[in-house]
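Shown next, in structure tokens, is the structure this report addresses.
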Amino acid sequence: MTDSFKESALKYHTHPLPGKLEIRPTKPLANKRDLSLAYSPGVAHACELIVDNPTEVASVTSRGNLVAVITNGTAVLGLGNIGPLASKPVMEGKAVLFKKFANIDVFDIEVDETDVDKLVDIIASLEPTFGGVNLEDIKAPECFMVEEKLRQRMKIPVFHDDQHGTAIVAAAAIYNGLRIVEKEFSQVKLVVSGAGAASIACVDLLVSMGLQKKNVRMIDRTGVIYAGRKEGMNPWKQGYAVETSDRTIEDAIEGADLFMGLSGPGVLNGDLLKKMGEKPIILAMSNPVPEIMPEEAMAARPDAILATGRSDYPNQVNNVLCFPFIFRGALDCGASTINEEMKMAAVRAIADLATKETSDVVAAAYADEQLKFGPEYLIPKAFDPRLIEDVPLAVVQAAMDSGVATRPIADMEAYRQSLHEFVNQAGLFMQPIIEVAKKAPARIVYAEGENDDVLLAVQAVVDENIAKPILIGRRAGMEVKIDRLGLRIDLDEDVEIFDPGNNDRHEDYAAYYHEMVGRHGVSVAAARKIMRDDQTAIAAVMVARNEADGLICGKVGRFDFHLREIMHLLGPEDKTQLVSSAAVLLLPDGPLFLADTAMNVDPTDAELVKITEASINLVKRFGIEPKVALLSHSNFGTSNAASAKKVRSAGEMLRNAHPDLQIDGEMHVLSALNPKLRETVYSQANLQGRANVLVMPNLDAANIAMGLIRSLTDALLIGPFINGFRKPAHIVIPSVSSRGIFNMTALTVADIQAEGSLSRRS
């Protein structure tokens, strides 16, 4: 891990606010009446409701969506016993995953206590506050005892993710692996390397699914755990002390069908694998280095099915496939526990998802991988949006069937729809696009190569390998900035530099530029000067000459100045084609697309149609279902002003052209974003749920809306993304952050790949 990455990580945790979490109210407090409703005397009515019926606590407080992530810091990641205080960043990180993947709120609680009974007392006393408890990073064997005692005392779900999250995802991989090799749980022999909390939980769950204990060989540092062994034993290991003459892994692995490793690197080798049975299934889950590297495993056993804990190989066993979604289901039905039935339901839901036809967004993110059920696709990818639908639904059904749901869900189809709505709100919005960009990094030229935010973005671009940066500017200026910012960009290896004042391509560029724009009043001398002074024009020439695949500019200077040069050199070949733009605002409740935010001042109805269609294509690129609202001061016919008629006409044309899409308008922005309000205005709207694409009637409205949202929220801007140029070229706004430039780079590269621009390189 480099010092620069360490610095980036620390900056991430310290700016703009310390930590990764904050608490915000969900109700307005704008006047005295609001205060009286929120606190005294109104709050008394909510308290009395709970006294009369304790289950109502989920309807009048946040408890039903609140999980405690609790640790004593005795076994933190790969850091070991670092104590509760030092573990807090990890627990905050876990909280973020809960929120981003399943919209679950979390309080992280770090407890300075190692005595099991005292720790149990502390956690159990918190039951009135939470709908569930996620135990984290507590060392074995204490973690077993803590969980067991809490499950006996508490009437809310208690889940130790290190144990059961790993177990559920591993079991899903094994379940599907056995499907492929056509073997039954009851028939297979399992060898387990590691006898800690995760290993034992994995085997426990597999036994619940039909694996025979007599066919398990569990191995710890001492060797095989066998009946009568005394050294290094505890009650949990004792459960897998079987009658066997096996004493070493060499003995145990003979004829084994399954190997599961949760221990450390180098446990397996090719010779050992050759002793296994036909078509073995190998889960080498030690991180970052597995028990055997996949290349070595497949060389020894080409017939093997392999999974690891790493994201750079197929079949990653990742807890994030499980814990957000099993808690989502448990909270939604008020489960009093997470029982074996719910765990097995989660296993089957995760496993079954891999057998279904993959979604567009997942296919795009993993374009070079075969996402068809088989040996290299046993379990879904971590960013498969269907997990939030399938897993909670299965968990809820299992909770109700087993009698532990205190708030059974009557309408499961409506519940499925509510989960589906969250798919479009889910966090990590950009990650699929970033994964696409990594597949074939394109050459992106940055016009303002000496700008601080550009250089910060380029560092991330290099680290993630999503593009091959070309920086326009002075090398000396870049060196000073890189040193001051503490970056590690190698100007000789990581990027290409084009210095306008010292470059042997100047005359060629000037001649090319004059050829392209000479009829626009640009003389030969002026062309030479522009190719020394105007970095956006230089960038556009590079893209036009196929010396770069796309460009990003706009961090410095006026939008219209940048646009003029790009239109000269990269404007649409068909002069009737409309150039438009859309911007993405990342909000806590999901992405919001706005169009047209930069290009068309007062578009006609036909132009609004083209703007909307271009925006729909952009939205689909993110794997999101577009829900389009065309905005106006008029609300479904309340005005016949010219602007209202224009938007109304555009809406009619779009609905006729795209009857399969959710498009409607003209409407107020409140009708677009508030489905309940919209229902009272016009119940037959061709739009379900909250709109995620807002098409503005003119540029004034678009800019005002974007500015208001950015000023009043912490929304992250991506864009504006410009549609209609011959080649990808984007003009960011001066206030864009380095993160925004990075995201824009990823989107530009993905667009280049989609359009096949990489194939046109000279």
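Rule-based calculations on the coordinates, nothing more; no lab input. These numbers come from a predicted model, not from an experiment. Neighbour counts are summed over all protein chains in view; Cβ atoms, including those assigned to glycine, are modelled from backbone coordinates with ideal geometry.
Brief remarks on what is shown
- Axis angle, to the nearest 10 degrees, between helix 738-755 and the longest C-alpha principal axis of the chain: 80 degrees.
- Rounded tilt (10° steps) of 506-517 against the dominant C-alpha axis of the chain: 70
- To the nearest ten degrees, helix 197-208 and the longest principal axis of the Cα atoms of the chain are 80 degrees apart.
- Segment VAL556-VAL60, length gained on full extension (0.36 nm per residue, minus Cα span): 173.6 nm
- Per-residue Karplus couplings for the range 688-699, computed as 6.51 cos²θ - 1.76 cosθ + 1.60 with θ equal to phi - 60°, are listed in order as 10, x, 6, 5, 10, 10, 10, 9, 8, x, 7, 5 Hz, Gly and Pro entered as x.
- Residues whose amide H falls under 5 Å from that of LEU378, counting only those 5 or more places apart or on a different chain, are ASN315, with hydrogens built in the peptide plane.
- Using θ = phi - 60° and Karplus 6.51 cos²θ - 1.76 cosθ + 1.60, couplings along the range 394-402 (whole Hz; Gly, Pro as x): 5, 5, 4, 4, 5, 5, 5, 5, 8
- Among beta bridges identified by DSSP and lying wholly in the range 214-349, the antiparallel ones come to about 15 percent.
- Listed by chain and number, the lysines whose alpha-carbon sits under 27 Å from that of LYS610, ignoring those within fewer than 8 places in the same chain, are LYS575, LYS620, LYS627, LYS645, LYS646, LYS727.
- Per-pair calculated FRET efficiency, R0 = 45 Å: LEU10 and GLU295 via Cβ, rounded to 0.05: 0.80
- Amide proton proximity set for PHE498, modelled H, under 5 Å, gap of 5+: LEU471, ILE472, GLY473
- Residues whose amide H comes within less than 5 Å of that of VAL69, counting only those at least five positions distant or on another chain, are PHE107, ASP108, ILE109, ASN134 (H built at 1.01 Å from N in the peptide plane).
- Shape metrics for the chain, restricted to C-alpha atoms - Rg then Dmax, Å: 29.2, 95
- Simple spin-label estimate for ASP411 and ASN81 in nanometres, 7 Å along Cα-Cβ: 5.4
- A dipole drawn for the chain from +1 and -1 charges on Cβ atoms has a positive end, and of VAL289, PRO591, ALA476 the residue lying farthest that way is PRO591.
- Structure-based [θ]222 nm, the chain - -39500 (n - 2.57) summed over DSSP H runs of at least 4, per residue, nearest 500: -13500 deg cm²/dmol
- Extending 7 Å from the Cα toward the beta-carbon at both LEU712 and ILE122 defines two label points whose distance is 4.3 nm.
- Relative to the current alpha-carbon distance between LYS155 and LYS27, full extension at 0.36 nm per residue lengthens the span by 43.2 nm.
- For the chain, the share of DSSP beta bridges that are antiparallel, to the nearest 5, is 25%.
- The range 1-54: chymotrypsin sites (Phe, Trp or Tyr not before Pro) falling in loop per DSSP and having at most 15 other Cβ within 10 Å: TYR39
- Cα Rg, Dmax, the range 580-724, angstrom units: 13.7, 38
- Label point distance in nm, ARG545-LYS230, each placed 7 Å from Cα along Cα→Cβ: 8.3
- Phi-based couplings in Hz for the range 236-246 (Karplus 6.51, -1.76, 1.60; Gly and Pro marked x): 7, 5, 4, x, 10, 7, 9, 6, 7, 8, 5
- Basic side chains Lys and Arg get +1 at the Cβ, acidic Asp and Glu get -1 at the Cβ, and with that the dipole of the chain about its Cα centre reaches some 880 debye.
- Three-way shape call for the range 164-315 based on the alpha-carbon gyration tensor, with the a/c threshold at 1.5: rounded
- The GluC sites (Glu not before Pro) found in the range 482-546 that occupy coil by DSSP, while having at most 12 further C-beta atoms within 10 Å, are GLU493.
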